[in-house]
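Here's the structure we're looking at; comments come further down.
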């Protein structure tokens, strides 16, 4: 596949690895904050190619994992309302709420459909005018614009039975929160597709005020290795800055049209990140102009109090302080088929990835 | 948060583009991207074209990667 | 007469005139043979001198029609292949239909005709059957059960039991992986991808008997639900050996690879309906491959890995970039992801 296979070439990956080994002297910790990066690193075994001086840790990059139990429980409660069709990305279907999951609810008779594009929800809404179509919106800045575009389109076409329950979040506040919390990181491997939307100025403060290196990386193994090389070079020379590795997709101003759509529909709010607590101005909620599409404003449901399961150390894993192997529940009580905590619920979460890809 | 794949634009029809990845075809939404022409490559994410792939930058990245191996015998 | 009825009605399953007309004009018409035509309560069959192999499978696939086949064709392939990969020669099938009231008869005829064609291609006789009709809503359009009887020679009985598997044994597959699951998923969901991927569903008994006539295999299984990964994990678990797979040796259609990249699937976990995994002694590899590559169902065969002493009980994939990772069994359905 074009623009994919070329960046998976073994010789390129190994030569970057060799270059990294040559220049790496200091012991450094690099954090990636994107489930796609977590997956690629483990799928291609990249951490085994790095010298022992460089440690890669996974941060809170999996939007499913960091969505609050309250959000999942709300989606579940909506699914039990008569005449509601839940249209959701596949990522959410098996995520456990306090008592059940969307998959279980579907087995119990709720109309829950997996979609690939939010525009399919609009189509389902058009075809079922007597039903209410609710879309639980998860994802960071890569995916939020799609939801915004769908809401704008729904308004333009007078579709009045389409609603969004937004759990969309944005990256920079959580990256800063981790650093403020004292998590020891020397640099960030920054998410390539989030940055394609937002542009790269969102990372300036991390470099200038916190002295951290930030390299915006693509998702193929050669991309990630090159990003690690760039970060290592920055840190070794004591010149932390914001750089782009993923030039073929990311331009410094980002995607203006997507940014405009997000601004049109969303406003920031303080948001609950599962395992991390409340982070100010880190969530996206639907603004007043589009409140008729906001499921939270249009539906009122009873949702149980959410509690973090005993023994679960996801909060520390999401901060990169511990690994899944440090968790007493990992691969025992907590497995991909029976997840307990946030990090295992999504196929892309740190624990799920560890479980699938560890050798 | 990121599962996006490069897809080739076959044709453009208003706010939609017919794209292909290998022989898989899909009608992607162009609501988030303009100035797209047949022959361009876009990044497809959740049904939307979210950005174009710049072939010049792509080649440059490969050139840099290739160079790293040039003075090492592999 | 049946031509008046467009859809299946409860009467078609009630044992009376309507059911007999359905049997005559649909089932006997397509399946007819001397044993079936007798329409006795039980088919009377000669007992072979070898051991008997017996298997059963139910087919509830949705959608009923998919690129490369339909539930009828699948109902034969599934059961014939269960017998064939166990080392048996499939001989007879029973076919039972559970039909939802209102099911269109012309669609039933297409399915029955496919079933008959596949049975003929595989060389098996349909010797007995059953038809039930249930109220609307009590089953999802159509369910089929097929049971199959085959004969198995003593020297082939070990094939399904995974005995005597040793380090160095090779693992061979007869073609591309993930085609069936992907074709069905694409037909079922509303994602709107257009692709040429077709189900690989086909009867493998002729291919397998060609292999068994020429060479010797230690173990076979068909990687249906759960994919290649699940079968290999079962094998590793059963034998206590490790398994190593080379990613670059896995036959994979470009379109299946592309769909997997788009949706975040792993082709090793996707169902196949025309594939057999063969484990054989290293020295047998080239003669087995020669037979496979010369057969229409084996043109893309490949040696995909081997049995090893390391990482006992685990399946490890060595990928093209030089790293390795563990391959687990599938847990639950694969789901498309955006993350």
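Data table
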| read-out | value |
| --- | --- |
| Complete set of residues in the range A:115-163 that are assigned to a loop (DSSP other than H, G, I, E, B) and surrounded by 24 or more Cβ atoms within 10 Å (Cβ to Cβ) | A:117, A:138, A:139, A:140, A:141, A:142, A:143 |
| Contacts under 7 angstrom Cβ, first residue in the range C:42-53 being farther than 23 Å from residue C:130 by Cβ, partner assigned to a loop (DSSP other than H, G, I, E, B), 6 or more apart | C:50/C:153 |
| Test for residue C:209: is it surrounded by 23 or more Cβ atoms within 10 Å (Cβ to Cβ) and over 18 Å from residue B:26 (Cβ atoms) | no |
| Residues of the range C:31-59 satisfying the condition of being within 21 Å of residue C:87 (Cα to Cα) and modelled with pLDDT under 90 | C:46, C:47, C:48, C:49, C:50 |
| Those residues of the range A:331-343 which are without any contact (Cβ under 8 Å) to a residue 60 or more places away in the chain and buried (at least 23 other Cβ atoms within 10 Å of the Cβ), in sequence order | A:334 |
| Scan of the range B:1-25 for residues that are under 19 Å from residue C:255 (Cβ atoms) and in contact with a helix residue (DSSP H, G or I) (Cβ under 8 Å, 6 or more places away or on another chain), ordered by number | B:3, B:4, B:5, B:21, B:22, B:23, B:24 |
| The lone exception for residue A:42 - which of (1) farther than 13 Å from residue A:223 by Cα; (2) outside any helix (DSSP H, G or I); (3) within 13 Å of chain C (Cβ to nearest Cβ) it fails | (2) |
| Any hit, the range A:110-118, residues being away from chain B (no Cβ under 11 Å), more than 24 Å from the chain's Cα centre (by Cα) and free of Cβ contacts under 8 Å to residues at least 40 places away in the same chain | yes |
| Criterion: buried (at least 23 other Cβ atoms within 10 Å of the Cβ), in contact with a helix residue (DSSP H, G or I) (Cβ under 6 Å, 6 or more places away or on another chain) and in the same structural domain as residue C:315 (by TED's automatic domain parsing) - qualifying residue of C:232, C:268 | C:268 |
| Looking only at the range A:190-215, and only at residues there that are within 12 Å of another protein chain (Cβ to nearest Cβ) and touching a strand residue (DSSP E or B) at 6+ places or on another chain (Cβ under 6 Å), the one that is surrounded by the fewest Cβ atoms within 10 Å (Cβ to Cβ) | A:196 |
| From the options C:186, C:192, C:213, residue that is without any contact (Cβ under 8 Å) to a residue 60 or more places away in the chain, within 30 Å of residue A:121 (Cα to Cα) and either assigned to a loop (DSSP other than H, G, I, E, B) or not assigned by TED's automatic domain parsing to the domain that holds residue C:63 (or both) | C:192 |
| Filter result for residue C:245 (more than 30 Å from residue A:9 (Cβ to Cβ) and either more than 14 Å from chain B (Cβ to nearest Cβ) or surrounded by fewer than 22 Cβ atoms within 10 Å (Cβ to Cβ) (or both)) | no |
| Flag if residue C:217 is at pLDDT 95 or above and closer than 19 Å to residue C:327 by Cα | no |
| Qualifying residue in the range C:301-323 (condition: modelled with pLDDT of 95 or more, out of contact with any helix residue (DSSP H, G or I) (no Cβ under 8 Å at 6 or more places or on another chain) and more than 9 Å from chain A (Cβ to nearest Cβ)) | yes |
| Strands (runs of 3 or more DSSP E) within the range A:239-323 that include 3 or more residues more than 14 Å from chain B (Cβ to nearest Cβ) | A:266-273, A:277-286 |
| Residue check for residue A:233: surrounded by fewer than 19 Cβ atoms within 10 Å (Cβ to Cβ), modelled with pLDDT of 95 or more and out of contact with any strand residue (DSSP E or B) (no Cβ under 6 Å at 6 or more places or on another chain) | yes |
| Candidates A:95, A:64, filtered to the one that is within 9 Å of another protein chain (Cβ to nearest Cβ) and buried (at least 24 other Cβ atoms within 10 Å of the Cβ) | A:64 |
| Matching option when the condition is modelled with pLDDT of 95 or more, within 19 Å of residue C:305 (Cβ to Cβ) and not assigned by TED's automatic domain parsing to the domain that holds residue C:63, among C:239, C:202 | C:239 |
| Qualifying residue in the range A:244-252 (condition: surrounded by fewer than 13 Cβ atoms within 10 Å (Cβ to Cβ) and within 30 Å of residue B:15 (Cβ to Cβ)) | yes |
| The range A:67-85: number of residues that are touching a strand residue (DSSP E or B) at 6+ places or on another chain (Cβ under 6 Å), closer than 16 Å to residue A:275 by Cα and within 14 Å of chain C (Cβ to nearest Cβ) | 0 |
| Subset of the range A:155-170 (residues that are within 12 Å of chain B (Cβ to nearest Cβ) and over 15 Å from residue A:277 (Cα atoms)) | A:156, A:168 |
| Residue match in the range C:65-79 (condition: farther than 30 Å from residue C:161 by Cα, buried (at least 18 other Cβ atoms within 10 Å of the Cβ), touching a strand residue (DSSP E or B) at 6+ places or on another chain (Cβ under 6 Å) and at pLDDT 95 or above) | no |
| The lone exception for residue C:260 - which of (1) surrounded by fewer than 24 Cβ atoms within 10 Å (Cβ to Cβ); (2) part of a helix (DSSP H, G or I); (3) modelled with pLDDT of 95 or more it fails | (3) |
| Residue A:102 vs. criteria within 14 Å of chain B (Cβ to nearest Cβ) and either closer than 21 Å to residue C:185 by Cα or under 24 Å from the mean Cα position of the chain (by Cα) (or both) | no |
| Considering residues of the range A:1-26 that are in contact with a helix residue (DSSP H, G or I) (Cβ under 8 Å, 6 or more places away or on another chain) and assigned to a loop (DSSP other than H, G, I, E, B) only, the residue nearest to the other protein chains (Cβ to nearest Cβ) | A:3 |
| Near pairs, Cβ below 7 angstrom, 6+ apart or cross-chain, from the range A:310-330 (more than 18 Å from residue A:356 (Cα to Cα)) to any residue that is in a strand (DSSP E or B) | A:320/A:31; A:320/A:57; A:320/A:58 |
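Yes or no, residue by residue, for (1) in contact (Cβ under 8 Å) with a residue 60 or more places away in the chain; (2) buried (at least 21 other Cβ atoms within 10 Å of the Cβ); (3) within 9 Å of chain A (Cβ to nearest Cβ):
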{"site": "B:19", "(1), (2), (3)": "no, yes, no"}
{"site": "B:32", "(1), (2), (3)": "no, yes, yes"}
{"site": "B:35", "(1), (2), (3)": "no, no, no"}
{"site": "B:40", "(1), (2), (3)": "no, no, no"}
{"site": "B:43", "(1), (2), (3)": "no, yes, yes"}
{"site": "B:48", "(1), (2), (3)": "no, yes, yes"}
{"site": "B:53", "(1), (2), (3)": "no, no, yes"}
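The values are calculated or read from the model by the stated rules, or taken from the named source; none is laboratory data. This structure is a prediction, so every number in the text was calculated from the model and none was measured. Every residue, glycine as well, gets a Cβ built from its backbone with ideal geometry; the counts of neighbours run over all protein chains shown.
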